[in-house]
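What follows is a short report on a single structure.
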Amino acid sequence: MKVVPVFNMKGGVAKTTSSVLLAEGLAQFCGFRVLIVDADPQLNATRMVLSHTAIAEAVSGPQNRARTVARYLLKSVTETGLPDPRDFVLPKVGTIHGAGQIDLLAGTPRTAEVADTMLVAGANPGRTLENVLQRASMAFRKLNEAGPYDVILVDCPPGLTTIVRAALSAADLLIVPTTADDTAYTGIGNLVWHLQQHREIRPAVVENRRILVTRYQAAIHESNLPSLKRESVFMAPIAERSTIRDARLFSPHSETSFKGKYGGPAEKDFKKIIAELTAALGLARPNSVAKEPLPKDVIHVKGDQDSRELPNGADKHHGGKARPGKKISFSDLFSFSRRPH
Ligand SMILES: Nc1ncnc2c1ncn2[C@@H]1O[C@H](COP(=O)(O)OP(=O)(O)O)[C@@H](O)[C@H]1O
Ligand SMILES: [Mg+2]
């Protein structure tokens with residue numbers, strides 16, 4: 001079981017969309033059992049995979065019975081033993097499963113309140129914030145008992161709340177979705193600085209972060225890719241597509257296959273992303289994604305001296321000299337050699 005928070009401090013960068021589509025890809029292409037934890041009080045991930053009625057039942061019912069991340073974590077940090085996750089997880093949500101299955105620990109607006117309560121609990125005499133975070137972190141990993149799961153994806157809110165810190169301290173790998181706009185690269189630097197301020201987050205998780213370029217439109221974003229390329233970026237970006245935008249709200253009538261729901265080109269991109277993700281997590285590569293190309297090693301370049309940051313039109317394979325008329329495409333960028341760190 002691998003815990004994978006999907007986090008960026010920015011909103012609107014497709015954290016939620018990526019969490020859900022990655023879960024669907026892992027279930028369909030790999031036959032994995034996946035849990036989505038909706039840690040955002042806006043509950044957008046919950047709305048993508050659960051009907052209105054099901055949300056009302058699980059989230060809006062009597063608070064002492066709510067099957068939500070908020071109640072699960074609150075019990076984890078306030079009661080003596082950790083609660084049984086099977087009392088909280090909703091099995092088999094969404095329409096895409098393939099040979100796998102997607103379960104959900106639903107979100108609720110109360111998650112924000114719980115994050116505050118956890119902070120206050122940490123301020124109580126005899127109770128440190130460190131202790132509260134440790135218990136919440138253990139609770140994240142205990143969620144596996146409701147599975148077992150191959151992957152637990154945590155859709156995080158944009159802020160570094162106590163719940164996000166607990167998820168990050170339980171993490172095996174951090175995925176950072178970002179749009180490739182002008183501020184994307186500096187935004188990641190900013191994010192890394194904030195993560196480094198928290199002792200409970202393992203430095204290896206911050207170091208080995210994987211950047212997922214989302215909502216990509218070549219005409220607008222291509223020139224910003226070289227700077228992002230200094231980071232460890234997934235080979236395929238997620239393109240801006242109406243089929244993906246339309247998946248914002250759950251529909252019981254929606255297609256049951258990844259290709260049917262999002263189209264062939266999206267399926268092709270996600271097969272590459274899933275192949276890379278399973279390799280990064282050290283999970284076996286199933287047949288359906290085994291033929292997707294993988295990077296020889298993980299890109300991880302620090303500092304400004306990276307020769308891969310080329311001026312537009314320059315080609316590394318030609319001594320870095322600009323070749324008039326040659327535009328760098330996304331595939332060019334991702335065919336550069338990768339340095340191990
Ligand atoms: N690849 C995509 N193509 C089209 N629209 C997208 C894509 N990814 C995300 N969106 C849309 O962008 C908006 C923000 O995405 P969301 O996943 O909610 O971001 P976040 O969770 O980071 O706030 C949503 O309306 C979503 O439907
Ligand atoms: Mg979101």
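Some values worked out for this structure:
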| item | result |
| --- | --- |
| Order by protection proxy (mean Cβ within 10 Å, highest first), peptides 95-101, 28-34 | 28-34, 95-101 |
| Peptide ranges 232-239, 69-76, 17-24 listed from the most packed, as the mean C-beta count within 10 angstrom indicates | 17-24, 69-76, 232-239 |
| Contour minus Cα-Cα distance for Ala284 and Met1 (0.36 nm per residue) | 100.7 nm |
| Region 174-201-region 85-117 distance, computed between alpha-carbon centres (Å) | 25 |
| Part-to-part distance (alpha-carbon centres) for region 229-286 and region 1-76, which is given in Å | 17 |
| Amide H partners (placed H, <5 Å) of Asp103, local residues excluded | Val34, Leu35, Ile36, Lys92, Val93 |
| Protection proxy ranking, peptides 247-254, 259-266, 221-228, 207-214, average beta carbon neighbours within 10 Å, highest first | 207-214, 221-228, 259-266, 247-254 |
| For region 193-204, 3J(HN,Hα) per residue [Karplus equation, 6.51 cos²θ - 1.76 cosθ + 1.60, θ = phi - 60°, Hz, x = Gly/Pro] | 4, 5, 5, 5, 7, 10, 5, 6, 8, 5, x, 4 |
| Lys142-Thr53 FRET efficiency (beta carbon distance; Förster radius 41 Å; 0.05 resolution) | 0.90 |
| Potential extension, Thr78-Glu255 segment - 0.36 nm per residue separation minus Cα distance | 59.6 nm |
| Projected label distance in nm at Asp182 and Arg241, using a 7 Å step from Cα toward the beta-carbon | 3.0 |
| Thr128-Glu200 pseudo-label distance in nm [points 7 Å out on the Cα-to-Cβ vector] | 1.2 |
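No lab work stands behind these numbers, since they all come straight from the coordinates. Only a predicted model underlies this, so the values are computations on that prediction, with no experimental measurement involved. Positions of Cβ are backbone-derived with ideal geometry, glycine not excepted, and every protein chain shown enters the neighbour counts.
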